[in-house]
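The values are calculated or read from the model by the stated rules, or taken from the named source; none is laboratory data. These figures come from a predicted structure and were not determined experimentally. Cβ placement follows ideal geometry from the backbone for every residue including glycine, while neighbour counts extend to all protein chains displayed. Note: accessible area is taken over every heavy atom of the protein model, side chains too, but ligands, DNA and RNA are not part of it. Shrake-Rupley method; radii C 1.70, N 1.55, O 1.52, S 1.80 Å.
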Amino acid sequence: MKPLQPTSTILSAARTSITPRVTQPRPSRLFWSSTNNASDTSSNTSGNTTNTDKKIYRLNPQQKNFLDRALRVNQAGELAATLIYASQSPLITRSQPHLRPLMKHMYDQEAAHLSTFNNLIATHRVRPTAMTPVWRAAASFLGWSTACLGREAAMACTEAVETEIGTHYNDQVREILSWEKDAAAKGEVLDEEVASLVTSLRRIRDEELEHLDHAVEHDAKMATPYDPLVGVIRAGCRGAIEISERV
């Protein structure tokens, strides 16, 4: 069995390995990118049938903008999540060493989610939110401050954050599935890249909700004061999502 990574290395890893790399994006190759060039469009038009001879559903500008905003928010959210766990883990596991595997498991999943959205952001040439420096500081402070309040408060933080994030991913999945229904009504199908995104969103959503379950199992609702703490964090998450979509 592979030995666990010491929790003391998690924060340093968060500062180095999860930095979004979007300064030199690769040429877009995905279907919905708003930066597709003429050759991309021609390629998609000439190859607009599937093995079932159905046409590819063409996204309109509003749908492409929705996906751009979704990727921007998702990247920001996953960056914040990794920093929250990185800030919490050293304090929590110092007094609760039995939680080390759980904290590492949740951190590793969040880091993988961030990597997924970093790659999509770069491929699509989507502008990251300008609020990234603010979210970095806020997430690190949130993780550290809730950990200082104890294990229950840290778990309540996870419950609050994952509730909002899970809901947000659900909304994205529902929106894209509505396009699938529209496509089916026209005898068309979603491009495989869009369909693949839905699969990724569902998987990531389920992992986020798994974190929520872990938090409740480890006494998140025993935090004092529970309702004000969770309410403030959830409101902050909703505000950050709305701002990141636009800024």
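On the accessible surface of segment 92-247, probed at 1.4 Å, how many percent belong to carbon and sulfur atoms?
56 percent
Report, in whole Å, the centroid distance computed from the Cα atoms of segment 65-142 and segment 216-230.
22 Å
At 1.4 Å probe radius, can you tell me the per residue accessible area of segment 54-98 in Å²?
Per-residue value: 39 Å².
How much accessible area does Lys221 have with a 1.4 Å probe, in Å² rounded to the nearest 10?
110 Å²
Taking the mean number of other Cβ atoms within 10 Å as a proxy for protection, how do you rank 144-151, 170-177 from highest to lowest?
144-151, 170-177
Between Glu217 and Glu193, what is the label-point separation in nm under the 7 Å Cα-to-beta-carbon projection?
A separation of 3.8 nm, rounded to one decimal place.
Can you tell me the order of 84-91, 121-128 when each peptide is scored by its average per-residue count of other Cβ atoms within 10 angstrom, highest first?
84-91, 121-128
Given R₀ = 30 Å, what would the calculated FRET efficiency be for Ala138 paired with Arg174, taking r from the Cβ atoms and rounding to 0.05?
Computed FRET efficiency for Ala138 and Arg174: 0.60.
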